[in-house]
1. Would you work out what percent of the accessible area of region 6-223, with all protein chains in place, is carbon or sulfur (probe 1.4 Å)?
2. Heavy atoms only, probe 1.4 angstrom, no DNA, RNA or ligands counted: give me 155, 260 ranked by accessible area, highest first.
3. In region 6-223, what is the volume of the convex hull around the alpha carbon atoms, normalised per residue and reported in Å³?
4. In terms of solvent-accessible area of protein heavy atoms at a 1.4 angstrom probe, what is the ranking of 249, 98, 236, highest value first?
5. With θ set to phi - 60° and the Karplus curve 6.51 cos²θ - 1.76 cosθ + 1.60, what are the ³J(HN,Hα) couplings of region 200-208 in order, to the nearest whole Hz, using x for Gly and Pro?
6. Quick one: ranking 238, 84 by accessible area, 1.4 Å probe, largest first, what do you get?
7. So how exposed is residue 76, as accessible area in Å² (1.4 Å probe, rounded to 10)?
8. What FRET efficiency comes out for residue 409 versus residue 361 if R0 is 35 angstrom and r is the Cβ-Cβ distance? Round to the nearest 0.05.
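The values are calculated or read from the model by the stated rules, or taken from the named source; none is laboratory data. Every value quoted in this text rests on a predicted model; they were computed, and no experiment measured them. Cβ atoms come from the backbone with ideal geometry, glycine included; neighbour counts cover every protein chain shown. Areas reflect the complete protein model, heavy atoms only, side chains present, ligands, DNA and RNA absent. Shrake-Rupley method; radii C 1.70, N 1.55, O 1.52, S 1.80 Å.
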Amino acid sequence: MPKLQGFEFWSCTLGGARHVVAPMVDQSELAWRLLSRRHGAQLCYTPMLHAQVFIRDANYRKENLYCDVCPEDRPLIVQFCANDPEVFVQAALLAQDYCDAIDLNLGCPQMIAKRGHYGAFLQEEWDLLQRMKIDKTVRYAQMLEKAGCQLLTVHGRTKEQKGPLSGTASWEHIKAVRKAVAIPVFANGNIQCLRDVERCIQDTGVQGVMSAEGNLHNPALFEGRSPAVWELAEEYLDIVRQHPCPLSYVRAHLFKLWHHTLQVHQQLREELAKVKTLEGIAAVSQELKLRCQEDISRQKEGEKPSGGLPFFHWICQPYFRPGPRDGSRESGGAPSKRALEEEEGSTDILSKNKQKKKLRNPHKTFDPSLKPKYAKCDQCGNPKGNRCVFNLCRGCCKKRAFKETADCAGHGLLFKTKLEKSLAWKGAQPRLQEPQQARPGEPGGFPEVMGSALA
């Protein structure tokens with residue numbers, strides 16, 4: 001069957017999907033994808049997977065994709081981060097039978113992506129990308145299309161826009177990309193409700209809209225509903241019982257779903273953080289439900305939501321990320337540790353975790369200017385070994401030493417030494433006398449072959 005391309009691929013293989021759940025590390029697992037599909041999502045992405053690890057680790061493949069096969073979970077796109085074309089292709093070949101498409105992450109702005117040299121930090125390496133600001137964005141998209149990209153998701157933010165600096169995504173950039181390429185485009189950014197989805201499609205002309213944070217706080221976003229939090233929390237926990245996932249994923253989802261309620265009933269936040277079992281998490285969620293029902297029973301006629309929320313705290317609703325200046329306080333609560341330490345530039349006020357470290361080591365400093373500067377690996381940018389003969393980190397050194405059959409005393413790698421010892425040991429072994437083979441026709445020999453040859 002010939003490979004479908006562009007709009008035919010989007011229409012046939014992906015079913016013309018318009019409502020898309022974004023790839024989210026440790027958050028777009030099978031159970032969450034199934035919940036989202038039940039409430040209007042038409043296409044889902046896996047969490048971002050590391051292509052190199054996916055190739056070498058069978059357990060990683062099993063835990064993140066192979067065990068998650070579910071007929072309800074289609075169409076599905078598997079996302080990889082990679083910075084080597086050959087590695088990316090090998091990972092894609094291993095995943096192709098378990099999904100409908102493969103995606104390359106070119107948008108992750110986090111520090112881990114910078115250290116690993118992938119995601120948004122590949123954007124300046126166009127030659128590398130072709131092998132695997134509006135005007136520049138458009139040319140970037142056209143280059144990806146020329147390299148064989150069949151569908152493009154534009155996040156509408158720069159890699160510097162993250163955390164409290166995320167700001168508003170630029171739909172103008174998304175619109176410009178959509179006009180400039182002949183392949184389907186998905187938009188991501190500023191999506192908090194179904195009206196935003198419809199407005200984004202109308203304003204930018206994209207084929208579909210992707211949601212991450214909006215989906216995490218309200219999985220029924222694509223249905224245009226804002227149900228009671230406990231309705232979706234209980235449904236999600238039921239799905240997890242059928243399709244288990246790490247407890248940390250479940251806990252993180254419950255923190256997002258109950259976010260606004262946990263600002264009111266803060267004593268249950270610690271309970272949710274401490275429980276060690278799925279049923280323990282379910283019990284805390286049930287207690288939050290009871291607290292909410294008590295709040296509803298005490299509600300006065302005409303009372304409006306507090307804290308500037310559009311709905312009461314027990315209703316699934318958007319979460320608006322606070323900015324660097326205006327949002328260090330939320331719902332009258334205490335300033336966040338990030339606001340205290342980073343935005344105010346204070347080194348006197350530290351987080352609880354850093355205060356504990358300070359108690360253990362009074363001489364410890366958290367001043368970034370005093371942190372030791374590490375020499376970087378010549379290949380990947382990670383800290384290199386101080387005594388490495390190749391000036392590489394341990395991972396890169398191991399690959400090179402194995403390839404060149406060399407030693408590196410700094411990293412304790414002895415490929416050359418072990419090979420020499422192995423050869424010396426083999427040379428010292430006495431040779432066994434080879435048994436004399438019987439001739440054909442003799443006892444124990446091969447049967448004679450009788451025949452005639454044609455001249």
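1. The computed percentage sits at 50.
2. Heavy-atom accessible area, descending, gives 155, 260.
3. 114 Å³
4. Output order, biggest surface exposure first: 98, 249, 236.
5. In residue order, the calculated couplings are 5, 4, 5, 6, 9, x, 6, 7, x Hz.
6. Ranked list, largest accessible area first: 238, 84.
7. Accessible area, nearest 10 Å²: 10 Å².
8. 0.65
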